[in-house]
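J.: Encoded as C-alpha cells, here's the structure I'll be asking about.
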Amino acid sequence: MDKIVVEGGNRLEGSVRINGAKNAALPIMAACLLLHGPSRIKGIPDIIDIRTQSEILRNLGGDVKKAEDGALEIIFRDGENDDKFTAPYELVRKMRASICVLGPLLSKRRRAKVSYPGGCVIGQRPIDLHIKGLAALGAQIETTEGYINATADKLKGAHISFTGKTVLGTCNVLTAAVLAEGTTTIEYAACEPEVQDLANFLNKAGARITGIGENKMTVEGVQKLYGVDYEIIPDRIEAGTFMIAGAITRGDITLENARQEHLGAVIDKLREIGVEITPSGNTIRVKGCDLYHAVDVMTLPYPGMPTDMQAQFMALLCIAEGKSIISEKIFPDRFIHAAELRRMGADIRVDGPSAIIRGIPFLSGTEVMVSDLRAGAGLVLAGLVAKGTTQIHRIYHLDRGYERIAERLSSLGADIKRIGE
Ligand code: EPZ
C-alpha cells in the first residue's frame, strides 16, 4: 500500500487546474443507461470511483471507454442487455455512490437489483428517502438477502415531498421520473451543483426538468432521451481543498477552471478566517496571510457549507488564533480525522455533532491514517503546514476522489511524495 510523505513548511505558489466534479460525474454516468445512442462526457477525473462506476456500467452491458481527448464515451445498445439489472456487492461495497444506478435501471429495464449499501466511516447512510421517492413513482421495492430488489411495470409521475435533503436520492428520483408517464414534482429537492449538472445533462438529452437548483423541481416525462456531448462542472470540493492548501501554507496560488458561484459559502468562510480570495472569470486567486482568526463553521445542504469541506476547514482552524466550533449537520459522526489531527498536536474536542478547536501556533508531523476521502484531504493539508515529516497511510481513500494529489501539490512547491510501501 502506498503512503504520502510530506515535509511541512513550504509555501505554495503557482496555478493548478481543477478537474471535473466526481459527484456530478457518477450520477451522470449512470444516467447514460437512459439514453439512445452514444454520449461523450468531458472533464471526468481519473480517479478510482470513476473506474468503479465504469465497471458497474460494463457489468450492466454498457460500453464505457476513454477517448484520446480524455472524454468518456458511454453507450448502452437498445435491447441487447435488458436482462442485466444487478449491481453486485463486490462493486457496491467499493463505492456507496453506486446506488445511483437504481433510478436509471428501474426506468429503463423495469427491474433493479442493487446491493444494499452499508453504513460507512462517515456515519449512517440510510436510503429510505430513495425508496420512498421511487415507490411514489410506482416501483415495488423490497430488501432481501442484502439486496434492494425493485420492479416497476410502469412508472407514473407523482408528487414527492422529501422529509430531508438527499443528493443521490434526488438524483435517483430524477432519473426514474424523466421517462415516466406524466408530471413529477419533487419538493425539498437537493440543490447541489452536482444535482443541477445531472438535470442539465438530462435536459440536453431531451428531458424536461424545470426548477433546477430550486427547492421544488418539476419533471415532465418524455418518451425518449438521446446521447449527448457534455462537459461536467468543475469539482467545487477539489477547488475548496486546493484553496485551503494555498491558505494553510500562507501561499499565493491560482485555481483555473473553478466556479466561484459554486463556492460561495467556502469563499465567505475563508475570508472571515483572513484569507484573501480574488475570483476572476473561471479563476480564483488565493493568498494566505500570517494570522488567521477562529470562526464557527456549520455544514448544511447547498448553498451552505459542504460537509465534504469540513475536514479541510478543521485542518486550517487548527492553526487559527482562538476557539472555533464546527457543527456537522449532515453527517454528525464525521469526525474521525479529529483524532488523527490530535496526534499531530491539534487541540480538538469532539462533543457529539460538534468539534471545538483551539488554535495552536503549529502542528507537528507524525504518522497518521486516512479513514475516508475528505479526512485524507484534511490530513494532507495538515501535513503541508506541520513542522517535520508527516506520513499519511491508507491513501487509497484519497485515490477514490483526488487525481494525482501529491503530484499536483508538488508542482505548486510542496515537499510531498507518494511512496510505495
Ligand atoms: C452525497 O452523498 C455525496 N456523494 C457525499 O460526498 C456528500 O457528503 C453528501 O452527498 C452530502 O452532501 C455523492 O454525491 C456521490 P445525502 P449522499 O443523501 O447523496 C440523510 C464525498 O466525499 N439521508 O445527501 O449519499 C443522510 O443520512 C461524498 O464525495 C437519509 O436520512 O448523501 C445524511 O444525513 C461522501 N435518508 C443526509 O441525508 C436517505 O434516504 C444527506 O445525505 C438519504 C440520506
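The values are calculated or read from the model by the stated rules, or taken from the named source; none is laboratory data. All of these numbers come straight from a predicted model, not from anything done at the bench. For neighbour counting, all protein chains shown are included, and Cβ atoms are generated from backbone atoms with ideal geometry for every residue, glycine included. Ligands, DNA and RNA are excluded from the accessible area calculation, which covers all protein heavy atoms including side chains. Shrake-Rupley method; radii C 1.70, N 1.55, O 1.52, S 1.80 Å.
J.: Do the conditions hold for Q223, that is, is it within 21 Å of L105 (Cα to Cα), within 16 Å of the ligand (Cβ to nearest atom) and open to solvent by 10 Å² or more (accessible area, probe 1.4 Å)?
T.: Considered against the rule, which asks whether it is within 21 Å of L105 (Cα to Cα), within 16 Å of the ligand (Cβ to nearest atom) and open to solvent by 10 Å² or more (accessible area, probe 1.4 Å), Q223 comes out as no.
J.: Here is a list: D63, D83, D78. Which entry is modelled with pLDDT under 95 and either of a type in the set (G, A, S) or in contact with a strand residue (DSSP E or B) (Cβ under 8 Å, 6 or more places away or on another chain) (or both)?
T.: D78
J.: In the range 338-354, how many residues are among the acidic types (D, E) and closer than 26 Å to G8 by Cα?
T.: Matching residues across the range 338-354 total 2.
J.: Here is a follow-up. Can you tell me which of L91, L106 is at pLDDT below 95 and either surrounded by 17 or more Cβ atoms within 10 Å (Cβ to Cβ) or not assigned by TED's automatic domain parsing to the domain that holds G146 (or both)?
T.: L91
J.: In the range 366-421, which residue that is polar (S, T, N, Q) and in contact (Cβ under 8 Å) with a residue 40 or more places away in the chain is most open to solvent (accessible area, probe 1.4 Å)?
T.: Checked the range 366-421; the qualifying residue most open to solvent (accessible area, probe 1.4 Å) is S411.
J.: Could you say which residue among A150, A199 is part of a helix (DSSP H, G or I), out of contact with any Cys (no Cβ under 6 Å at 6 or more places or on another chain) and assigned by TED's automatic domain parsing to the domain that holds D69?
T.: A199
Each row is one residue, and each column tells you yes or no for (1) touching a strand residue (DSSP E or B) at 6+ places or on another chain (Cβ under 9 Å); (2) exposed (fewer than 15 other Cβ atoms within 10 Å of the Cβ).
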| site | (1), (2) |
| --- | --- |
| G157 | yes, no |
| C171 | no, no |
| A177 | yes, no |
| A180 | yes, no |
| T185 | yes, no |
| N200 | yes, no |
| I209 | yes, no |
| I212 | no, no |
| N215 | yes, yes |
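J.: Across the range 33-74, what is the total count of residues that are surrounded by 19 or more Cβ atoms within 10 Å (Cβ to Cβ) and in contact with a Pro (Cβ under 8 Å, 6 or more places away or on another chain)?
T.: 4
J.: Next question. Would you check if there is a residue in the range 343-354 being at positive phi and either assigned by TED's automatic domain parsing to the domain that holds A311 or under 26 Å from the mean Cα position of the chain (by Cα) (or both)?
T.: yes
J.: Condition first: outside any strand (DSSP E or B) and closer than 20 Å to G246 by Cα. Now tell me which residues in the range 289-306 satisfy that.
T.: Selection gives C289, D290, L291, Y292, A294, V295, P306.
J.: Can you tell me which residue is nearest to M309 (Cα to Cα) among those in the range 247-266 that are free of Cβ contacts under 8 Å to residues at least 60 places away in the same chain and buried (at least 19 other Cβ atoms within 10 Å of the Cβ)?
T.: Here the answer is V266.
Let's see how each residue does on (1) touching a helix residue (DSSP H, G or I) at 6+ places or on another chain (Cβ under 8 Å); (2) assigned to a strand (DSSP E or B); (3) farther than 24 Å from P301 by Cα; (4) at pLDDT 95 or above:
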| site | (1), (2), (3), (4) |
| --- | --- |
| K224 | no, no, yes, yes |
| G240 | yes, no, no, yes |
| G246 | no, no, yes, yes |
| R250 | no, no, yes, yes |
| T254 | no, yes, yes, yes |
| E261 | no, no, no, yes |
| D268 | no, no, no, yes |
| E272 | no, no, no, yes |
| I284 | yes, yes, no, yes |
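J.: Kindly indicate which of R334, R394 is within 16 Å of the ligand (Cβ to nearest atom), touching a helix residue (DSSP H, G or I) at 6+ places or on another chain (Cβ under 9 Å) and on the phi > 0 side of the Ramachandran plot.
T.: R394
J.: While we're looking at this one, here's another question. Considering only residues that are closer than 14 Å to E194 by Cα and within 13 Å of the ligand (Cβ to nearest atom), which ones fall in the range 20-51?
T.: Residues satisfying the conditions are A21, K22, N23, A24, A25, L26, P27, I28, M29, A30.
J.: Limited to the range 123-145, what total is found for residues that are near the ligand (Cβ under 9 Å from one of its atoms) and free of Cβ contacts under 8 Å to residues at least 24 places away in the same chain?
T.: Total satisfying the criteria: 3.
J.: I'd like to know if the range 109-121 contains one or more residues that are in the same structural domain as I44 (by TED's automatic domain parsing), within 15 Å of the ligand (Cβ to nearest atom), assigned to a helix (DSSP H, G or I) and open to solvent by 10 Å² or more (accessible area, probe 1.4 Å).
T.: no
J.: Among the residues of the range 227-246, how many are farther than 19 Å from Y402 by Cα and either open to solvent by less than 10 Å² (accessible area, probe 1.4 Å) or in contact with a Gly (Cβ under 8 Å, 6 or more places away or on another chain) (or both)?
T.: 1
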